[in-house]
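The values are calculated or read from the model by the stated rules, or taken from the named source; none is laboratory data. Since the model is a prediction, treat every value here as computed from it, not as a measurement. No Cβ is skipped: glycine too gets one built from the backbone with ideal geometry, and neighbour counts run over all protein chains shown.
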Amino acid sequence: MLSHRFEEAIIYAIQLHAQQKRKGSETPYIAHLLAVTSIVLEQGGNEDEAIAALLHDAIEDQGGETIRLEIQQRFGETVADIVSGCTNPLIRPWRACKEVYIDHLRTASPSVRLVASADKLHNARSILQDYHQIGEELWARFTGGKEGVLWYYRSVTDTLLSQNITPLGIELNRVVTEIEHVARTYEQ
């Protein structure tokens, strides 16, 4: 089912993100990439989608267009296109960047939406877990702060669900709704 290309992608992802940790933690970044890949595979993703899941943050975090070209050369145009489709645009301020990304999801390929949904689901699960552990100080990790993060995850979720209702989208909606509920509870 998975070939040597997948093995090569795991090694490449580890090398690219070797010095990176998850926001606000000591967790090696590869844990996120493996979790997203697992979700993609559990949802029936093919090898190209699984490889793209491993590399979905490579362009954004590890070198831009140079890395995109390297991914294309190593793993093919399909993988590079999926990774590009999951990459935030280089736009500032933060909110404008996120609005462009959300708008892009409306016309993105099913493969991009699969990897993006898996990425957002793992991120949302991590946010919820950390929120239960450290409370409101969690929001200091994020450029958008509490209101921005809540807006972004709700907007992404609604956009993905508007394109196709899948079990993955339903689970993302459940977790985001729980984050919103916990956030309202902290406000009271």
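Residue pairs whose Cβ atoms lie under 8 Å apart, sitting 6 or more positions apart in sequence or on different chains, and linking a residue in segment 133-158 that is loosely packed, with under 15 Cβ neighbours inside 10 Å to a partner that is of a type in the set (D, E, K, R), are GLU136/LYS146.
Okay, residues lined up against (1) within 19 Å of ASP57 (Cβ to Cβ); (2) in contact with a Cys (Cβ under 8 Å, 6 or more places away or on another chain):
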| site | (1), (2) |
| --- | --- |
| HIS104 | yes, no |
| ARG113 | yes, no |
| ASP119 | yes, yes |
| HIS122 | yes, no |
| SER126 | yes, no |
| THR143 | yes, no |
| ARG154 | no, no |
| THR157 | no, no |
| SER162 | no, no |
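Across segment 91-103, not a single residue is classified as more than 24 Å from ILE170 (Cβ to Cβ), surrounded by 16 or more Cβ atoms within 10 Å (Cβ to Cβ), in contact with a helix residue (DSSP H, G or I) (Cβ under 8 Å, 6 or more places away or on another chain) and aromatic (Phe, Trp, Tyr). Does ASN46 fit the bill of being at pLDDT below 95 and of a type outside the set (Lys, Arg)? In short, no. From the list LEU121, LEU90, LEU114, the one residue that fits, being in contact (Cβ under 8 Å) with a residue 60 or more places away in the chain and within 22 Å of GLY144 (Cβ to Cβ), is LEU121. Among the conditions (1) in contact with a Ser or Thr (Cβ under 7 Å, 6 or more places away or on another chain); (2) within 16 Å of SER117 (Cα to Cα), the only one that GLU47 does not satisfy is (2). Might you check whether a residue that is in contact with a Cys (Cβ under 7 Å, 6 or more places away or on another chain) and closer than 27 Å to LEU41 by Cα occurs anywhere in segment 64-76? The answer is no; no qualifying residue exists.
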